[in-house]
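Here is the structure we will look at.
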Amino acid sequence: MWSGNWKSILLRLKSEINQPHRNQVVSESVHGAELAKKYLSNCNVCVEENKGCKCEFNNEVSKIVVNATKDGSEHRVNANSSFAHSVINMVGMLIGLGQLSTPYALENGGWASAFLLIGLGIACAYTSHLLGKCLKDKASSRNYSDIGNQAFGTKGRLIAATFIYMEIFMALVSYTISLSDNLTTVFSGAHLKLPCIHLSTSQILTVFAVLVALPSLWLRDLSSISFLSSGGILMSLLIFTTVALTAVSGAVKAAHSIPFLKLQNIPAISGLYIFSFAGHIVFPDIYKSMKDPSKFTKVSIVSFGIVTALYTSLAFMGASMFGPEVNSQITLSMPPHLILTKIALWATVLTPMTKYALEFAPIAMQLEHSLPCNMSSRMRMFIRGSIGSLLLIGILGLALSVPYFQYVLGLTGSLVSIAISIIFPCAFYIKIHWLQISKPALVLNVFLIVFGFVSGVFGTISSSKSLFRSIQKGPK
């Protein structure tokens, strides 16, 4: 099922590569589908090559009109996001599932690994700046895949799109594992059984939760999806607040000492750290929405500074409070009797349920563009919802079969996120600016590419080995 869908998506991408995007904009962001509403709104997706879009846009407020000129440049309307609004958008995109594992990563890597966390935050802020430079030089580039096409043509777009969809899939698996783990703790005293179905209580609870979230995949209005995403962002901030209040209130004494360095664990935890900063795919949308795009670099510096500070403080708080007993998700280590714990657990449960529609949106948009123009909107919604439901059920089955959050998340970071966040932006920048790039900048970017590649390879091997060992042993 999954391979067939991937084949159709990639074939569609391949067919679009050699023709310019005139009035059609598809956001392929993992975390930024809510910004795509500026481009698609309630579009009926009936664009034909060399013809103007005849779709009806009902949401005139959030619509952005892009007029292609002869030289390929763009005229952007309603690009009115202020500096503060852009920072909020970027911080909101970055804070998510990764924050749950930072205390576990710090404890297993030693307090010296905090320098790796901070260094990755600085590196990702720099590569965000590089994406802004690429967008500045060619205004017709509208998303991450466009930059890949600008740098390496057809292959660049195809590789970028492939990694985008890989991250969507793996992130959804991680979200579902987190949902299952936290639901089990919330309903720790429950005992459920279904006739003729051999599932544990935690598995039954997870199935019910996913079924509750399933109708959200049938949503076609991106404003509604954006509303769900805003709830997810609030839940992520609430998780951080509850952990911080637990530490400050003294409910758990921070009496554990953190080891200096566990060098053998660095490859594995590097994937957890880099996943926390994964968000580069949506940054072109943030850049395009800015009233003054020249401030994009400052937005990146401020946003990554805030997020890195939050992650580092959360990592030290969690590792100091729970020491070697810290769970791969900090919410599972908090004292169950505290009201703050109950709030954190429910926030962690609700976060994945608000993310499913958002994460699926880029695939759904691409799917709709693959359908015939004369197909009715009802049939479009049926196909979109059906395929989304089948995908989510498949992801649910995989998550229940491989319930190892830290290893799946680490594998996602090492295999996919480090490429999207560090390797690709540097490679795109070098290729596009080859004639203008200075020697120091070239050396820095080559170093980051090599560092990202080496970290990715060793992190992927380490996480894969741990995952396979856990699968062989079976769940505890």
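At a glance:
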{"item": "Cα pair distances in segment 358-405, grouped into 5 Å bins until the bin that holds the longest one, percent each", "result": "5, 19, 24, 19, 13, 9, 6, 3, 1"}
{"item": "Distance in nm between pseudo-label sites at TRP218 and PHE382 (7 Å out along the Cβ direction from Cα)", "result": "1.2"}
{"item": "Potential lengthening between LEU263 and VAL450 on full extension [0.36 nm per residue; Cα-Cα distance subtracted]", "result": "65.4 nm"}
{"item": "Cut-off 12 Å, label 7 Å out along Cα→Cβ of SER200, residues of segment 454-476 by amide N", "result": "474-476"}
{"item": "VAL402-LEU338 pseudo-label distance in nm [points 7 Å out on the Cα-to-Cβ vector]", "result": "3.3"}
{"item": "For segment 106-179, accessible area per residue (1.4 Å probe, heavy atoms of protein chains only), Å²", "result": "29"}
{"item": "Residue pairs, from the table LYS136/LYS439; LYS295/LYS431; LYS193/LYS342; LYS133/LYS439; LYS431/LYS465; LYS262/LYS342, whose Cα atoms sit over 29 Å apart", "result": "LYS431/LYS465; LYS262/LYS342"}
{"item": "Binned Cα-Cα distance frequencies in segment 80-473 - 10 Å width, integer %", "result": "5, 22, 33, 26, 11, 2, 0"}
{"item": "Three principal axis lengths of segment 375-446 [C-alpha, angstrom, descending]", "result": "54, 40, 9"}
{"item": "Segment 80-473 - percent of accessible surface contributed by carbon and sulfur, probe 1.4 Å", "result": "70"}
{"item": "Reference-scaled alpha-carbon Rg (2.2 N^0.38 Å with N residues) for segment 99-251", "result": "1.40"}
{"item": "Charge dipole magnitude, Cβ of K and R +1, D and E -1 - segment 80-473, Cα centre, debye nearest 20", "result": "540"}
{"item": "Sorted peptide list for 396-408, 93-105, 461-473, criterion being average Cβ within 10 angstrom, highest first", "result": "93-105, 396-408, 461-473"}
{"item": "Inter-label distance, nm, simple model (7 Å from Cα along the C-beta direction), LYS253/THR162", "result": "5.5"}
{"item": "Relative contact order (percent, whole number), segment 80-473, Cα cutoff 8 Å, 6+ residue spacing", "result": "35"}
{"item": "Protection-proxy order for peptides 154-163, 440-449, each taking the mean of Cβ atoms within 10 Å per residue, highest first", "result": "154-163, 440-449"}
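The values are calculated or read from the model by the stated rules, or taken from the named source; none is laboratory data. Since the structure is predicted, the reported quantities are computational estimates derived from the model, not experimental observations. Quick reminder, even Gly has a Cβ in these numbers, built from the backbone with ideal geometry, and neighbours come from all protein chains shown. The accessibility values were calculated without ligands, DNA or RNA, using every heavy atom of the protein model including side chains. Shrake-Rupley method; radii C 1.70, N 1.55, O 1.52, S 1.80 Å.
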